[in-house]
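A short write-up of the structure that comes next.
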Amino acid sequence: MPRPLFVSFQGGGAGQWHVDRIGAVRGDGLAPVDRLRVAESTGVPPVGVWTLRGVTSNERYVERRERSALSAVQQPLGRDSARCAALIPISKSDEWWDLTQDERRAIFEDQAHHIAIGLDYLPAIARRLHHSRDLGEPFDFLTWFEFAPEASAQFDDLLGRLRATEEWAYVDREVEVRLSR
Ligand code: HEM
């Protein structure tokens, strides 16, 4: 596992990514902005309209055979072909956080098949999960995805399948920020 990486996502008038649309999927949305800056460092001054911070971490749920399956196909961020991206900040309910680790794993994979579903969309979609809950941030997770424009419909399909799972019954806030460069 690489060391934790602190990442700031800054919505405003500047940044590598053009904001195509922002939609509130569940709960409050985010203020509209034109561009998104992604900064992989600590201590980034909070410029712009909003800043969301997260940190990469060790895996909580992945089992060895799943790690092997993911490692065999997953692609890095920053591919030249990946002209589209999505930032999807998510929070889960108190009910979720009151569960034990084994109860959460049972919902996440045995019932919802999050990893099995996700694997259907690799290598087209590259991803990185950031944790924010322990930083006192407004969201629990900042999920980040990169893909080629041709994979946009596949990505929408993936979102539809995941949002229909038992896991998503515990999502109480979700915002979808779609981006291009
Ligand atoms: C591209 C295909 C995807 C794959 C292969 C994938 C895979 C994974 C894996 C392996 C984990 C568990 C990490 C751990 O063990 O801690 C995870 C967690 C997570 N994923 Fe995905 N995922 C995909 C797509 C998505 C999408 C589209 C969303 C959001 C709409 C999403 C939201 C999350 C969230 C919020 C978590 C954290 C869950 C928690 O800790 O409660 N994933 N994903």
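The values are calculated or read from the model by the stated rules, or taken from the named source; none is laboratory data. Computed from a predicted model, the values in this text were never measured in an experiment. Reconstructed Cβ throughout: ideal geometry from the backbone, glycine too, with neighbour counts over all protein chains shown.
Being among the hydroxyl-bearing types (S, T, Y), in contact (Cβ under 8 Å) with a residue 24 or more places away in the chain and in contact with a Lys or Arg (Cβ under 8 Å, 6 or more places away or on another chain) narrows it down to one of S93, S152, S81, S180, so name that one. Please lay out each step first, then the result.
Working: S93 fails: in contact with a Lys or Arg (Cβ under 8 Å, 6 or more places away or on another chain); S152 fails: in contact with a Lys or Arg (Cβ under 8 Å, 6 or more places away or on another chain); S81 fails: in contact with a Lys or Arg (Cβ under 8 Å, 6 or more places away or on another chain).
Criteria check complete, one pass: S180.
Determine whether F139 is touching a Pro at 6+ places or on another chain (Cβ under 7 Å) and modelled with pLDDT of 95 or more. When the stated conditions are applied, F139 passes them.
If you check E109 against the conditions, is it of a type in the set (D, E, K, R) and surrounded by fewer than 16 Cβ atoms within 10 Å (Cβ to Cβ)? Judged against the criteria, E109 is not a match. Of the residues making up the stretch 48-84, those that are over 16 Å from the mean Cα position of the chain (by Cα), charged (D, E, K, R), closer than 30 Å to P32 by Cβ and surrounded by 11 or more Cβ atoms within 10 Å (Cβ to Cβ) are R79, R83. The residue pairs whose first member lies in the stretch 107-126 and is closer than 14 Å to Q74 by Cα, whose second member is in a loop (DSSP other than H, G, I, E, B), and whose beta carbons are closer than 6 Å, counting only pairs six or more residues apart or on different chains, are L122/Q74; P123/Q75; A126/Q75; A126/L77. Look at the stretch 158-171: where a residue is in contact (Cβ under 8 Å) with a residue 12 or more places away in the chain and a partner is surrounded by fewer than 16 Cβ atoms within 10 Å (Cβ to Cβ) and among the acidic types (D, E), sitting 6+ places away or on another chain with Cβ atoms under 7 Å, you get Y170/E95.
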